[in-house]
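Taking it in order: structure first as structure tokens, then the write-up.
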Amino acid sequence: MTELTELVEHGQLFIGGEFTDPLGAEVIEVISPHTEQVIGRVPHASEGDVDRAVAAARRAFDEGPWPRMGLDERIAVITRIKDAFAVRHEEFARLISAQNGTPYSSSVMVQALAAMMVWDSAITVARDFPYEERRDGVLGPLLVRREPVGVVAAVVPWNVPQFTAAAKLAPALLAGCTAVLKVSPETPLDAYLLAEIAAEAGLPPGVLSILPADREVSEYLVGHRDVDKVSFTGSVAAGRRVMEVASRNLTRVTLELGGKSAAVILPDADLEAAVAGIVPFAWMINGQACVAQTRILAPNSRYDEMAEAFAAAAGALRVGDPLDPTTELGPLVARRQQQRSLDYIRLGQEEGAKILTGGNRPPSQERGWYVEPTLFGSVDNSMRIAREEIFGPVICLIPYEDEAEAVRIADDSPYGLSGSVWTADTERGIEVARRVRTGTYSVNTFSLDMLGPFGGYKNSGLGREFGPEGYGEFFEHKMIHLPAGYREA
């Protein structure tokens, strides 16, 4: 398997469930991060196209059948989307790898099957969700209803485009909402596969639109007066801007933002198991993952031993063409991301950290936006490389003296998205997990379960995705007062 051999071109936008000509002539060129050549072209959606998409979603919500269907009818449509995703998962994986550099060896699961699992898990949650309940109030009986929030603007990034799209669309659509999905200009091609699947699944007119566009058009969508809810995944800076723009209309927001997660290795941990469990999730998606374990905390008593083991494992990662199934680390999505990582590597050296492996462009790659898997040792948690989200293959190994200091260092971050602890004593690991202020945590593993709530503390975001908590983000709550003494017939 090698790079895409034919240019992938689309001339239309998916608006209101139909492929239609764009209003403008601007085009997005998709660049391969491996070859630095154009591999695709799609229309760049304009503000006028946003108006059309939101108007279609508004009509479909206010007047159309989708919010008024029975849950089983909506589940049947979403099941067809999920099943089609399973059939075409290799196509999704290959196309996403070609656009953002994710190694195909992990893309099948991380980029494709994981997205299918999100659609499937949302169906499970929807079946058991409490849409309506009776309560005894102070002044009489109450009926509490959960009703779909309305038109949803879903804005997704380039690193896991289908996974994040599913995290927003699956619960929104099952809830009875309509949606406009804004996809990143770096990864618009796979969105056309999703549009084809959605059209074939039988979504009513207006329920879903998919628009590739830049930040300016995203801002227009987020600030649109006919949008009832914004669900956004991206950087902290962009999340703040989304919240600011949405606040003008008091639009509800869910923000899944950045991370600088810590993997805490306790002194009694099995080092071989810890290395095998941490390395894939420190350098996952070439380090371009918000949940990546980018700070590895090692006890002073075993620091040298752990430094040697992690450096060896990182240095052994096979770097190359993301579509080569033997590749373990591919290129970064864009030249700007490559330069960002190289700048942080220089900064880390200036701050006094020591490179244990990597630190340069890989000599084996004459072209492409590659950076070697890089591990810094002798890192103090006050250094910028330990505090700022690099979003590249640059990891910090940080020493600590005792468990209390490890927890303090893990918590000493503006972020609070993910984390893990590695120990021979699972109960001790659970106690560490309870003490660290972060939205998700793993003990002797790394996992992101779609039936539980996912989201962050602090600068890592607002609200939750997945599970009943994430599903509930797409509902309004209504209280209906009933007359005293009323009993349901």
What about Ile75, is it among the aliphatic types (A, V, I, L, M), closer than 12 Å to Leu194 by Cα and at pLDDT 95 or above?
no
Would it be correct to say that Phe92 is assigned by TED's automatic domain parsing to the domain that holds Ile197 and either under 30 Å from Glu476 (Cα atoms) or without any contact (Cβ under 8 Å) to a residue 40 or more places away in the chain (or both)?
no
Inspect all residues belonging to the range 264-285 and state whether any of them is crowded, with 24+ Cβ neighbours inside 10 Å and under 15 Å from the mean Cα position of the chain (by Cα).
yes
Residues in the range 214-235: is at least one crowded, with 21+ Cβ neighbours inside 10 Å, farther than 23 Å from Ser247 by Cα and in contact (Cβ under 8 Å) with a residue 12 or more places away in the chain?
no
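Could you please let me know if Ala93 is under 23 Å from Glu200 (Cα atoms) and under 24 Å from the mean Cα position of the chain (by Cα)?
Values: under 23 Å from Glu200 (Cα atoms): yes; under 24 Å from the mean Cα position of the chain (by Cα): yes.
Yes, satisfied.
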Going by the conditions given, is Ala307 surrounded by fewer than 23 Cβ atoms within 10 Å (Cβ to Cβ) and either outside the structural domain of Trp422 (by TED's automatic domain parsing) or in contact (Cβ under 8 Å) with a residue 40 or more places away in the chain (or both)?
yes
Of the residues in the range 333-372, those that are free of Cβ contacts under 8 Å to residues at least 12 places away in the same chain and part of a loop (DSSP other than H, G, I, E, B) number 2
Test: Tyr415 is surrounded by 20 or more Cβ atoms within 10 Å (Cβ to Cβ), at negative phi and hydroxyl-bearing (Ser, Thr, Tyr)
yes
Could you figure out which of (1) touching a strand residue (DSSP E or B) at 6+ places or on another chain (Cβ under 6 Å); (2) in a helix (DSSP H, G or I) isn't true of Ile285?
(1)
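Looking only at the range 25-61, filter to residues that are of a type in the set (S, T, N, Q) and crowded, with 19+ Cβ neighbours inside 10 Å; which one of those is nearest to Leu181 (Cα to Cα)? Before you say what the answer is, go through the steps one by one.
Applying the first criterion (of a type in the set (S, T, N, Q)) to the range 25-61 yields 32, 35, 37, 46.
Those left that are additionally crowded, with 19+ Cβ neighbours inside 10 Å: 32, 46.
Details: Ser32: 23, Ser46: 14 Å.
Per the criteria, the residue is Ser46.
Can you find a residue that is in a helix (DSSP H, G or I), of a type in the set (Asp, Glu) and either touching a Ser or Thr at 6+ places or on another chain (Cβ under 7 Å) or surrounded by fewer than 24 Cβ atoms within 10 Å (Cβ to Cβ) (or both) anywhere in the range 124-139?
Restricting attention to the range 124-139, the residues satisfying the condition of being in a helix (DSSP H, G or I) are 124-128.
Of the ones still in play, those that are also of a type in the set (Asp, Glu) are 128.
After this cut, where a residue has to be either touching a Ser or Thr at 6+ places or on another chain (Cβ under 7 Å) or surrounded by fewer than 24 Cβ atoms within 10 Å (Cβ to Cβ) (or both) as well, the list is 128.
Yes, there is a match, as at least one residue in the range 124-139 is in a helix (DSSP H, G or I), of a type in the set (Asp, Glu) and either touching a Ser or Thr at 6+ places or on another chain (Cβ under 7 Å) or surrounded by fewer than 24 Cβ atoms within 10 Å (Cβ to Cβ) (or both).
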For the range 174-186, state whether one or more residues are without any contact (Cβ under 8 Å) to a residue 60 or more places away in the chain and closer than 17 Å to Arg464 by Cα.
no
Tell me, which helices (runs of 4 or more DSSP H) lie completely within the range 398-489 with 1 or more residues that are within 22 Å of Asn300 (Cα to Cα) and not hydroxyl-bearing (Ser, Thr, Tyr)?
403-411, 426-435
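The values are calculated or read from the model by the stated rules, or taken from the named source; none is laboratory data. Because the structure is predicted, anything quoted here is derived from the model rather than measured. FYI the Cβ positions are ideal-geometry reconstructions off the backbone, even for glycines, and counts take in every protein chain you see.
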